[in-house]
Amino acid sequence: MAGQFVTEVNDASFEKEVLQSSQPVMVDFWAAWCGPCRALAPVVDEVATQYNGQLKVMKMDVDSNTATPMRYGIRGIPALIIFKDGKVADQIVGFVPKDTIDKSLTKVLA
């Protein structure tokens with residue numbers, strides 16, 4: 001499912017893993033039944049590998065975790081939210097090419 005640099009996160013661990021992280025975190029909100037989510041998964045894995053050490057990449061299944069997606073107003077998936085210092089730094093909704101994600105990360109990681 002997830003690549004070697006991608007970690008699953010859930011409602012219970014979100015605060016610690018994402019909001020209290022010392023480095024920026026990109027969370028991929030997805031669901032098993034979502035085709036575009038499955039299409040985006042290899043791109044997310046690629047990003048995780050490329051930015052390993054600078055960025056934590058996590059996935060959250062919106063079917064098993066409802067509190068966090070609701071808290072961040074996730075209505076459409078896939079949705080990528082980039083957190084920096086516990087705050088939303090950027091958000092990307094829908095299937096996008098890797099360079100769109102790269103552009104976002106370049107701004108956040110600068």
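Checking each residue in region 56-75 for being polar (S, T, N, Q) and either farther than 18 Å from Ala32 by Cα or open to solvent by less than 80 Å² (accessible area, probe 1.4 Å) (or both) picks out Asn65, Thr68. Name the single residue that is most open to solvent (accessible area, probe 1.4 Å) among those in region 1-28 being in contact with a Phe, Trp or Tyr (Cβ under 9 Å, 6 or more places away or on another chain) and farther than 16 Å from Lys98 by Cα. Restricting to residues being in contact with a Phe, Trp or Tyr (Cβ under 9 Å, 6 or more places away or on another chain) and farther than 16 Å from Lys98 by Cα, the top hit is Phe5.
Asp85 satisfies every condition listed in (1) in contact with a helix residue (DSSP H, G or I) (Cβ under 8 Å, 6 or more places away or on another chain); (2) within 22 Å of Ser22 (Cα to Cα) except (1). Filtering Ile81, Ile92, Ile77 for residues that are touching a Cys at 6+ places or on another chain (Cβ under 7 Å) and at negative phi leaves a single hit, Ile77. Residue pairs whose Cβ atoms lie under 8 Å apart, sitting 6 or more positions apart in sequence or on different chains, and linking a residue in region 40-52 that is open to solvent by less than 10 Å² (accessible area, probe 1.4 Å) to a partner that is of a type in the set (Phe, Trp, Tyr), are Leu40/Trp30; Leu40/Phe95; Ala48/Phe5.
The values are calculated or read from the model by the stated rules, or taken from the named source; none is laboratory data. Note that the structure is a prediction, hence the values are computed from the model and not measured. All Cβ positions, even for glycine, are placed from backbone atoms using ideal geometry, and neighbour counts span all protein chains on display. Side chains included, ligands, DNA and RNA excluded: accessible areas come from the protein's heavy atoms. Shrake-Rupley method; radii C 1.70, N 1.55, O 1.52, S 1.80 Å.
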